[in-house]
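The values are calculated or read from the model by the stated rules, or taken from the named source; none is laboratory data. Only a predicted model underlies this, so the values are computations on that prediction, with no experimental measurement involved. Cβ placement follows ideal geometry from the backbone for every residue including glycine, while neighbour counts extend to all protein chains displayed. When the accessible area is computed, the model is the full protein with side chains, heavy atoms only, and any ligands, DNA or RNA have been set aside. Shrake-Rupley method; radii C 1.70, N 1.55, O 1.52, S 1.80 Å.
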Amino acid sequence: MILTRIKEKAEQYFPEVQAIRHHIHANPELSFAEYNTSAFISENLTAWGIKHQAGIAGTGIIALIEGKNPGKRCVALRADMDALPIQEKNDTLYCSKNTGVMHACGHDVHSSCLLGAAHILNDLKDEWEGTVKLIFQPGEEMHPGGASLMIKEGALENPEPEAIFALHVYPNLPSGTVGFRAGQYMASADEIYVTIEGKGGHAALPHLTVDPIAISALVITGLQQVISRKGNPLIPSVLTFGKIQGGFATNVIPDKVELLGTFRTMNETWRYEAHKWIKDFIKQTCAAYGANAIVEIPPGYPSLYNDPALNAKAEQWGRAYVGDNNVHELDMRMAGEDFSFYTQHMPGCFFRIGTSKEGKAFTAPVHTPYFDIDEDALKTGMGMMAWCAVSNLNE
């Protein structure tokens, strides 16, 4: 039975995939600069005889593994490769060697799991039909998102997959478990850039100035009312400003203030309505106090929607792989994920693999300097990716 064979291969290749993960983790690279990571992945694919194309969207890789009757069907598996600008504080042999850069979101795990799945699928290609497309993607952590660029460069063509799967680390669950959520799962993610141009002057003479700092306070607090009063309360929305930059002394009112923020929601129609409300409120508020506002909201990642039918199948495959008690339903999250670009073109399933150790160790959240995983999760990750691909093709 191929399920048993996949599990055996996951155990067999665990030490190799663990070493791969250690190498990628120790040598992290920021978004769209994953040159060494891409070369390392390519070296492994070449060593295993898996044909692939590198240099897509800069550092992306597309690989194809053909089973019997390769033209029959195609399914895609995706992993991201980029790291974050965080200084790692773990004390491990595979700790980041690159100052200020860390795989704090687990993309080293994702790429390692996809390489492990590739190794398994390549070994067993005489036992399944169709083609598996492997997508190693740059720049998930930075707009406009590597997924959008990979798609523009033909990642979903020749052959065209009928479905796509991806996984993500999840320290809220123990290793050996998986999590799924059908339908709406993650929020859209748009960045907001605001420049408020006033008139600077002496802090003791505010009547002779147009104070952009005072106006920015009105803008930030007022926008919370805009979102809560103009948006449907049944649609989750989050508006957060993470950076305010302006001024240089206690006794000087500056000429301008810059605000950087993010808007996230679970509804695409409201998403763009909110963009208009945000822009109009900022400009009108600034104008009322004699200031000028420059507002840019470049479209970021769409909200992530897991195809209900595909998700239901994947959940059943998960139960077969890890057992009923190890499959969990996930809560919706306001975080963004550029896997959503793929799901605008085909049914997709974005699932989670538990990475803590019995819920007591390796529980540091992602995007923190102490994030790490119980590496037994690598077995689950590579096995589940291979199993989802084979199960989908063999339907």
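Worth pointing out:
- The orientation-averaged projected area of the convex hull spanned by the Cα atoms of the chain comes to 20.7 nm².
- Result for the chain in a Gaussian network model with C-alpha springs under 10 Å: among P308, P233, P85, the largest mean-square fluctuation is at P233.
- For I20, the shell of other residues with beta-carbons less than 12 Å away shows a net charge of -3, using +1 for Lys and Arg and -1 for Asp and Glu.
- Taking max minus min of the alpha-carbon positions on each principal axis, region 202-354 gives extents of 72, 29, 25 Å, largest first.
- The peptide list 1-11, 273-283, put in order of mean Cβ contacts within 10 Å with the highest first, becomes 273-283, 1-11.
- Within the accessible area of the chain (1.4 Å probe), percent carbon and sulfur: 52
- Descending principal axes extents, region 71-121, alpha-carbon based, whole Å: 48, 20, 13
- Using a Förster distance of 30 Å, the FRET efficiency for E129-D376 (Cβ separation, nearest 0.05): 0.45
- The alpha carbon gyration tensor of region 1-114 gives principal lengths a ≥ b ≥ c with a/c of 1.5 or higher and a/b no greater than b/c, which makes the shape oblate.
- Residues with amide H under 5 Å from that of K256, placed H, sequence gap 5 or more: G198, G247
- Cα-Cα over 26 Å, subset of K7/K313; K68/K313; K68/K152; K89/K360; K7/K89: K68/K152; K7/K89
- Region 146-280, accessible area per residue, ligands and nucleic acids excluded (1.4 Å, Å²): 47
- Take every DSSP beta bridge whose two residues both sit in the chain; close to 65 percent of them are antiparallel.
- The Rg/Rh ratio of region 297-395, with Rg taken over Cα atoms and Rh as the Kirkwood radius over Cα pairs, comes to 0.99.
- Translational diffusion of region 107-173, estimated by Stokes-Einstein from the Kirkwood radius over alpha carbon pairs at 20 °C in a medium of 1.002 mPa s, is 156 µm² per second.
- In degrees, nearest ten, helix 35-47 long axis to first principal axis of the chain (Cα): 10
- Cα long-axis angle, helix 212-230 against the chain (0 to 90 degrees, to the nearest 10): 60
- Extending 7 Å from Cα along the Cβ direction at A217 and again at K199 yields two label points whose distance is 2.1 nm.
- Alpha carbon convex hull of region 325-371, projected area averaged over orientations, nm²: 4.7
- Crossing angle, helix 2-26 versus the chain [Cα axis fit, 0-90 degrees, rounded to tens]: 40
- Candidate cross-link partners of K199 among the aspartates and glutamates, defined by an alpha-carbon separation under 13 Å and a same-chain spacing of 8 or more, comprise D211, D255.
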